[in-house]
Amino acid sequence: MQAAIENARDELQRSSQKLAFSGLAGGLTMGLTGLGVASVRALAGPGASQHIAPYLLYPIGFVAVIIGRAQLFTENTLYPVVLVLDERRYLWETLRLWGVVFGSNIAGAVLFALLAVKTPALHADILTQLIMLGQETSSGSAAHFFWSGVIGGWLIALVAWTVTASHWTIGQLAIVYLLTFVVGVGRFAHCIAGGGEILSAVMAGSVPVGGYLRWVVPATLGNICGGVFIVSLLNYG
């Protein structure tokens, strides 16, 4: 736990500008999760393999962001909670960190969607699959998005805890890959990873902006509950 507290101190000492740039890079890079899945689905075509094989690339965005130490909401933002619990202060500094990172992550996801949809960067079949992913992710009830987000937040918070405990990069890589693979193949909601997919569908006109908002609010609340209340409180206890 001491390593998590030290990480929290480092995060809270960073300026809002530095957090924002790192969060923007993190949100943009997280678009690789949906892009990886869409690329394999486009290449593999219809069939039983579509249910598992594409999600072998789902962790790529998480690996790049977490190992690269970019800011990611529900991952880096977990550490300050432990510091607040341990020292009973830094609440406002933690809320500042959350707000800056969440906003910049969303902005990065928007940039990814613009790049994917509004430029000729992607082949048509890959873009079609990316938009379909966004449609699938945004389909469901608010209750489903919330409880799916609870599990997704729990798994990503476990990534943060276990990566902190590991001293070897190969061990960190394995942890990130395995736990985020479960997030992908289980279709659990993550407010930034899934946001890139849905925002791509929004940019393409396949999902209304209201559909994105209807998804992101309960998914984010679920991620916070799963990450903060399950992992932080239990591990701190």
Item checked: Residues satisfying the stated conditions in region 182-212, i.e. of a type in the set (A, V, I, L, M) and without any contact (Cβ under 8 Å) to a residue 12 or more places away in the chain -> Val209
Next item on the list: Given the conditions (1) assigned to a loop (DSSP other than H, G, I, E, B); (2) surrounded by 22 or more Cβ atoms within 10 Å (Cβ to Cβ); (3) not hydrophobic (A, V, I, L, M, F, W, C), report the number of the one that Gly196 does not fulfil.
Entry: (1)
Check: Among Ala25, Ala3, which is the only one that is at pLDDT 95 or above and either assigned to a helix (DSSP H, G or I) or not small (Gly, Ala, Ser) (or both)?
Finding: Ala25
Check: Looking at region 106-127, which of the residues that are of a type in the set (Gly, Ala, Ser) and in contact with a Leu (Cβ under 9 Å, 6 or more places away or on another chain) is most open to solvent (accessible area, probe 1.4 Å)?
Finding: Ala121
Notebook entry, point to check: Residue check: is Gly103 touching a residue at least 60 places away in the same chain (Cβ under 8 Å), in a helix (DSSP H, G or I), open to solvent by less than 70 Å² (accessible area, probe 1.4 Å) and among the small types (Gly, Ala, Ser)?
Noted result: yes
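The values are calculated or read from the model by the stated rules, or taken from the named source; none is laboratory data. Bear in mind the structure is a predicted one, so any value in this text is a computation, not a measurement. Because the Cβ atoms are built from the backbone with ideal geometry, glycine has one as well, and the counts that use them run over all protein chains shown. Heavy atoms of the whole protein, side chains included, go into the accessibility calculation; ligands, DNA and RNA do not. Shrake-Rupley method; radii C 1.70, N 1.55, O 1.52, S 1.80 Å.
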